[in-house]
Amino acid sequence: MSTNDHHILVVSVDNPPGLTVRHDYDLSGRLSADEGIVSALPDWTGRIWFVSRRGEVGTIDPKDGTVRTMRLSGEGISNSFAVDETGGVYLVSDKALYGFDADSKGAPQISWRVVYPNSGIHKPGQSDAGSGTTPTLMGNAWVAITDNADPMNVDVYRRAIRLRGKKRHRKPKARAKAGLVCSAPVFARGASSTDNSLIGTNRSLVAENNYGYTVGVANLGGTPSSPGLTRIDVVKKKRGKKGKRRRKARYRCRTAWTSDQTAPSVVPKLSLANGLVYTYTKPPRTDGLDAWYLTALDFRTGRTVYRRLAGTGFGFNNNYAPVTLGPDGTAYVGVLGGLVELP
């Protein structure tokens, strides 16, 4: 976890219950005083990666604490990043989607970069004028984000073949460049933005609309947001005449369903055990009551299965915290007033 004074802490959960700081990495000499650390995560080798708000990308060697960094010129980062089993790290700036690898010394290096569509508008509900999503990995070949077009799109890209030292991660016959697989607009023009990661399976994505949500000292409940959650499927295009495939892209992004539930800022989750999408909603009410609900949607159809009141008032505003599902089916949501447990 990162701290406001530019440290990254590795904390263990002990038995009997307790928390112990095992490692403390000081990055204060690498970052400016007003530059926050956005996220820190280990890759599949145990190397710790981190990104900062002003585009610093770094690694920490857990064996000796060595820190190595590089900065994206003129680009900011507002989202976390994703890692895969091959050593790939995928992050999105306010300009482009990146594939990173560690070089032979463990320093971050850019393997590929793809610029996504961007209206240049800092929409209400987003932290900057760029993609609001942490990249979502789909299977072993694709990575997905939303862009900042108007209306915004769900964009699915190929993960390019990357080099790590002299070894390739895939066989030569599987060589491919990073590029767009398919794209689909979601929600309405002038009312579409998100600042939360997509739910992803091998062939489907669920996006949430956060357009309009802002929170401040004078309004801790947040301003009203536009409704909408939608599922996008990546499907193969039909063959052309005489069994020949069309020369254009082999896949298309197709809207499977759209729900009119209003989820201002939560990171929704999909349960593979029961096929439900769990979100945290604040429906408009004629009585003006600030009521927050745990809401479950059917992943197949988008139908609302149930909605359960979590509480009323700004203390139940999750303000970008996720829904987290426990192994016993309990849902947890961090809120401004603490933590809500919903069995």
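The values are calculated or read from the model by the stated rules, or taken from the named source; none is laboratory data. Being a predicted model, the structure only gives us computed values, none of them experimental. Cβ coordinates were reconstructed from backbone atoms using ideal geometry, including for glycine residues, and neighbour counts include every protein chain displayed.
Highlighted here are the strands (runs of 3 or more DSSP E) found entirely within the range 1-116 that include at least 1 residues which are aromatic (Phe, Trp, Tyr) and under 21 Å from the mean Cα position of the chain (by Cα): 48-52, 89-92, 96-102, 108-115.
When Ala249, Ala263 are checked against the criterion of being assigned to a loop (DSSP other than H, G, I, E, B), at pLDDT below 95 and among the aliphatic types (A, V, I, L, M), Ala249 stands alone in meeting it.
Taken over the range 130-157, the residue count meeting the criterion of being in contact with a Lys or Arg (Cβ under 8 Å, 6 or more places away or on another chain) and closer than 26 Å to Pro224 by Cα is 4.
Among residues of the range 267-295 that are within 16 Å of Phe316 (Cα to Cα), those with a Cβ under 9 angstrom from a residue that is exposed (fewer than 14 other Cβ atoms within 10 Å of the Cβ) and aromatic (Phe, Trp, Tyr), sequence gap 6+ or separate chain, pair up as Leu294/Tyr306; Thr295/Tyr306. Within the range 316-339, being in contact with a strand residue (DSSP E or B) (Cβ under 7 Å, 6 or more places away or on another chain) and touching a residue at least 12 places away in the same chain (Cβ under 8 Å) holds for Phe316, Asn317, Asn318, Ala321, Pro322, Val323, Thr324, Leu325, Thr330, Ala331, Val333. If I filter the range 216-235 down to residues being under 20 Å from the mean Cα position of the chain (by Cα) and not in a strand (DSSP E or B), which single residue comes out as farthest from Ser259 (Cα to Cα)? Looking at the filtered set, the residue picked out is Ser225. Cβ-Cβ distances below 6 Å connect the following pairs, each with a first residue in the range 68-81 that is under 13 Å from Ser39 (Cβ atoms) and surrounded by 15 or more Cβ atoms within 10 Å (Cβ to Cβ), a second residue that is modelled with pLDDT under 95 and among the hydroxyl-bearing types (Ser, Thr, Tyr), and a separation of six or more residues or different chains: Ser78/Ser127. Checking each residue in the range 323-343 for being among the β-branched types (Val, Ile, Thr) and assigned to a strand (DSSP E or B) picks out Val323, Thr324, Val333, Val335, Val340. If you go through the range 117-142 and pick out every residue that is assigned to a loop (DSSP other than H, G, I, E, B) and either outside the structural domain of Ser183 (by TED's automatic domain parsing) or aliphatic (A, V, I, L, M) (or both), you end up with 3. Only residues that are surrounded by fewer than 17 Cβ atoms within 10 Å (Cβ to Cβ) and either under 21 Å from Thr214 (Cα atoms) or polar (S, T, N, Q) (or both) were counted in the range 84-108, giving 2. In the range 110-129, the residue that is farthest from Pro224 (Cα to Cα) out of those that are of a type outside the set (A, V, I, L, M, F, W, C) and buried (at least 19 other Cβ atoms within 10 Å of the Cβ) is Ser111.
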